[in-house]
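Written out below as structure tokens is the structure these notes cover.
The values are calculated or read from the model by the stated rules, or taken from the named source; none is laboratory data. Keep in mind that this is a model prediction, so the values were computed, not measured. Every residue, glycine as well, gets a Cβ built from its backbone with ideal geometry; the counts of neighbours run over all protein chains shown. Just so you know, the surface numbers come from the protein's heavy atoms only, side chains and all, with ligands and any DNA or RNA stripped out. Shrake-Rupley method; radii C 1.70, N 1.55, O 1.52, S 1.80 Å.
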Amino acid sequence: TYFPDEKNQDANDLFLDVEAMRRSLRTKYGVFAGARSEDTVRSELPSAILAPGASLGQSSSGDAGFVDFKNRQDYAIIRPSISHEWSERLSLDADVSYTLVDYDRYLPGLQVGYEALGAAFGLNTRYTERSTITGRLFYATYEPDRSTASSNTMGADVRWSNRITENREIYARGGVARVRNEATGFPTESSTSYVGGVGTNWTFQRTSLF
């Protein structure tokens, strides 16, 4: 994007995504890689908290949309995966992902680079012609730049699905995740979260409802 009268506002963004896949009789291999280099900005946005004596609609932080500064973000990700059918009823899925984000300018609390690593392993069991149960284990780490803090997440989830007809499916899912946050000079904090839900997926000739 170019602005003839405001050269300092010009933006040059680059994107590249590559995906490859190979299939054999029972195994499917895949890899996805992506890279981006783009300009980012931070704008001054009004606070949701009103200043003393101010009423609704009165700004307390100046004009909204004013650009404080520009920065440059470099982003890269690679994600290999494999899926293997042991039998007609049993299959395995596994994938690993690595993400790297970097900024030209380090802005604490606003724009901070990081490294993230994730892995997942799943087992799919088709116990009837139309019903499948999938169990999955996952692990992830997150480490921001110039910081002694880091977080680790591990968990598991189970998904049940039943294809009632060729175009209609119902499913239910439940899982748990344990997050551990560590930082030098601070006590380690851990928390547990749970997720669950049910849903349906209807596929028509031109549309899909889920």
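Observations, loosely collected:
- Only one of the numbered conditions (1) farther than 30 Å from Asn71 by Cβ; (2) modelled with pLDDT of 90 or more; (3) among the small types (Gly, Ala, Ser) is not met by Ser208, and that is (2).
- Lone unmet requirement of (1) closer than 17 Å to Ser97 by Cα; (2) surrounded by 15 or more Cβ atoms within 10 Å (Cβ to Cβ) for Arg159: (1)
- Residue that is surrounded by 11 or more Cβ atoms within 10 Å (Cβ to Cβ), hydrophobic (A, V, I, L, M, F, W, C), within 27 Å of Gly118 (Cα to Cα) and at pLDDT 55 or above, where the choices are Phe15, Phe32, Phe69: Phe32
- Verdict on Ala51 being on the phi < 0 side of the Ramachandran plot and at pLDDT 90 or above: no
- Candidate set: the range 125-151, residues that are among the acidic types (Asp, Glu) and open to solvent by 60 Å² or more (accessible area, probe 1.4 Å); chosen: the one modelled with the lowest pLDDT: Glu129
- Annotation note: of Gly122, Gly197, the sole residue that is out of contact with any Ser or Thr (no Cβ under 7 Å at 6 or more places or on another chain), more than 30 Å from Tyr106 (Cα to Cα) and open to solvent by less than 70 Å² (accessible area, probe 1.4 Å) is Gly197.
- Cross-chain or 6+ apart pairs with Cβ under 7 Å, the range 7-21 first and closer than 13 Å to Asp39 by Cβ and of a type in the set (Val, Ile, Thr), then loosely packed, with under 10 Cβ neighbours inside 10 Å and modelled with pLDDT of 85 or more: none
- Count of the range 72-96 residues which are among the basic types (Lys, Arg), in contact with an Asp or Glu (Cβ under 9 Å, 6 or more places away or on another chain) and either open to solvent by less than 50 Å² (accessible area, probe 1.4 Å) or assigned to a loop (DSSP other than H, G, I, E, B) (or both): 1
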